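Comments concern the structure below.
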Amino acid sequence: MMKENAKKEMTDYDIKRKAVKLVVAHLKKKVTTDYLGSEHINSWINEMEKVLEKQDFNLPEYFEMKKQLNDVIERTLDEEMRYKIRDSWYSFGKALDKKVKKI
């Protein structure tokens, strides 16, 4: 009996989704305290998690979520949190640029 290779071939979209999930997980760790306006980032995180749950990868939807995250940054008055969220915004952009490594 031969063992089949159960490893799934990763696509660019799989790589992007995985990277975005990691960004969201790190962002959730950064936003551990309540601050004035924290409901905006928490709402965005909840929406982003819904997008990540979908089977299909709709790149324009991810770009829209990145745009919405920028809006959250603009509404964040707490300077320290604004910088932390902005770092995640940059990471989100890098995650959307990821591709499968060619061997």
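For the chain, the equivalent ellipsoid derived from the alpha-carbon gyration tensor has semi-axes of 31, 13, 12 Å in decreasing order. The trypsin sites (Lys or Arg not before Pro) of region 20-73 that meet both conditions, a loop assignment by DSSP and at most 14 other Cβ atoms within 10 Å of the site Cβ, are K54.
For region 1-94, the share of accessible area belonging to carbon and sulfur comes to 52 percent (1.4 Å probe, ligands and nucleic acids excluded).
A Förster distance of 22 Å, applied to the separation of the beta-carbon atoms of Y13 and E47, puts the FRET efficiency at 0.70. As an exercise, use a Förster radius of 30 Å and the Cβ-Cβ distance of D78 and K99 to find the FRET efficiency, rounded to the nearest 0.05. For R0 = 30 Å, the calculated efficiency reads 0.30. Just to confirm the number: angle between the C-alpha axis of helix 59-75 and the first principal axis of the chain, 0 to 90 degrees, nearest 10? With both axes taken from Cα atoms, the answer is about 20 degrees. Please give the helix 12-30 orientation as an angle from the longest Cα principal axis of the chain, in degrees from 0 to 90, rounded to the nearest 10. So the helix axis and the longest Cα principal axis differ by about 30 degrees. Using the 1.4 Å probe convention, the accessible area of the chain works out to 74 Å² per residue with neighbouring protein chains retained.
In a DSSP loop and with at most 13 other Cβ atoms within 10 Å, the GluC sites (Glu not before Pro) in region 2-103 are E4, E9.
Take every Cα pair under 8 Å whose residues are at least 6 apart in sequence, average their separation, divide by the length of the chain, and the relative contact order is 49 percent.
The values are calculated or read from the model by the stated rules, or taken from the named source; none is laboratory data. Predicted model, so just to flag it, every value in this text is computed and none were measured. Cβ coordinates were reconstructed from backbone atoms using ideal geometry, including for glycine residues, and neighbour counts include every protein chain displayed. Side chains are part of the model used for accessible areas, which takes the heavy atoms of the whole protein and leaves out ligands, DNA and RNA. Shrake-Rupley method; radii C 1.70, N 1.55, O 1.52, S 1.80 Å.
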